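K.L.:
Quick one: the structure is below, questions incoming.
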Amino acid sequence: MKLALILFFSLSTANAFRLNTNIGAKYNDSKAKIYVTSNSTCDQIGISANELLDIAMEGADDFWNKVPTSNLKLERGGTYETSDSLFLTGQLCARDSGSSCSDSTSVPEVSDIVIACNSETANNFPSSSYLAISAPTSLSGSDIKGSIILINNSSNTNFKNLSRSEMVSVLAHEIGHAVGLGHSNKSEALMYYQNSDKLSRLSQDDIDGISYLYPNRLDGCTGMFGTIDTDNPSNNSPGPFIHSFLYGLMLIGLLSITKFLFNTRRFKTI
């Protein structure tokens, strides 16, 4: 019995994913298009705006669009036509229930997901180690209407030193923020706050997070079971349905086996 209980509890996992807003905002229709602003020259990182969009879409397809338990669908939008210089020099300020930003100094609100090469170093990129930042900039209740991704295009940016595969994973990390995910506590996760440029696939925690925000429904039913992260009580992130369901079945099976063994020993003649 002791061995069985040890086996059961060793299989249990706690989630570490967080959400990007304090209201758990997401794209309501589980769809978003990705654009790059027409005035992004990206001169300091040495690639064109169109190439940057190619890299972003590679990140979307290789990471987020292939999760079988999520119905999120990210599509190529193309060029976001604008002459507003604040996309290039403005401060990124998230629109959440408790924050406000000055329209005269912040990057404008958008629809869908818009990428720009930005050189504002006082707030966005205070050091060369900041490769990119992103945040929802247009919210309606708990629905994300639009998000901004800014690539560090300052003179001391380290983004230009990345390989293409590293750029892909960085963009994939920022897209995760754009669709509603925060940072993970799991060092192996794409959404971990460090080393996102060195990963080539999602961890289970990334999959759990995106599936929580954008779940694929099973026979019209989802979210029947959940787990709470006891290592981080403030997180309270529901766990995946299939894990809880399997754990429940395992516990029932272990209890049945224990009862059978107890009854067998009880009536054994010596």
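K.L.:
Quick one: of Lys145/Lys186; Lys33/Lys160; Lys73/Lys186; Lys33/Lys145, which pairs are farther than 22 Å apart, Cα to Cα?
P.N.:
Among Lys145/Lys186; Lys33/Lys160; Lys73/Lys186; Lys33/Lys145, the Cα-Cα distance tops 22 Å for Lys145/Lys186; Lys33/Lys160; Lys73/Lys186.
K.L.:
Give the residue from Ala172, Gly146, Gly78 lying farthest towards the positive end of the charge dipole for segment 45-181; charges sit on Cβ (+1 for Lys and Arg, -1 for Asp and Glu) and the dipole is referred to the Cα centre.
P.N.:
Farthest towards the positive pole: Ala172.
K.L.:
For the pair Thr41 and Cys101, what calculated FRET efficiency results from E = 1/(1 + (r/R0)^6), where r is the Cβ-Cβ distance and R0 = 22 Å, to the nearest 0.05? Provide the component values of the computation, followed by the final result.
P.N.:
Numbers: r = 25 Å, r/R0 = 1.13.
The pair Cys101/Thr41 has a calculated efficiency of 0.35.
K.L.:
Next question, about the same structure. In whole Hz, with x marking every Gly and Pro, tabulate ³J(HN,Hα) for segment 32-41 from phi via Karplus 6.51 cos²θ - 1.76 cosθ + 1.60, θ = phi - 60°.
P.N.:
Ordered by residue, 3J(HN,Hα) equals 7, 9, 10, 10, 10, 5, 5, 9, 7, 8 Hz.
K.L.:
Provide the solvent-accessible area of Cys101, counting protein heavy atoms only and rolling a 1.4 Å probe, rounded to the nearest 10 Å².
P.N.:
30
K.L.:
Could you run the Debye sum over the Cα atoms of segment 53-205, one equal point scatterer each and no solvent, and tell me log10 of I(q)/I(0) at q = 0.12, 0.17 Å⁻¹, two decimals?
P.N.:
Computed log10 I(q)/I(0) values: -0.48, -1.02.
K.L.:
Using a 1.4 angstrom probe on heavy atoms only, work out the carbon and sulfur share of the accessible area of segment 76-167 in %.
P.N.:
With neighbouring chains kept in place, the figure for segment 76-167 is 42 percent.
K.L.:
Just to confirm, what accessible area per residue do you get for segment 28-100 at 1.4 Å probe, in whole Å²?
P.N.:
Averaged over the residues of segment 28-100, the accessible area is 48 Å².
K.L.:
Given axes a ≥ b ≥ c from the Cα gyration tensor, I'd like to know whether segment 145-197 is rounded (a/c under 1.5), prolate (a/b larger than b/c) or oblate. Before the final figure, lay out the partial values.
P.N.:
Working: a/c = 2.07, a/b = 1.24, b/c = 1.67.
Note, shape of segment 145-197 comes out oblate.
The values are calculated or read from the model by the stated rules, or taken from the named source; none is laboratory data. Remember, it's a predicted structure, so these values are computed and weren't measured experimentally. Using ideal geometry, Cβ is built from the backbone for each residue, glycine included, and neighbour counts are taken over all protein chains shown. Please note that ligands, DNA and RNA were not included when accessible areas were found on the heavy atoms of the full protein model with its side chains. Shrake-Rupley method; radii C 1.70, N 1.55, O 1.52, S 1.80 Å.
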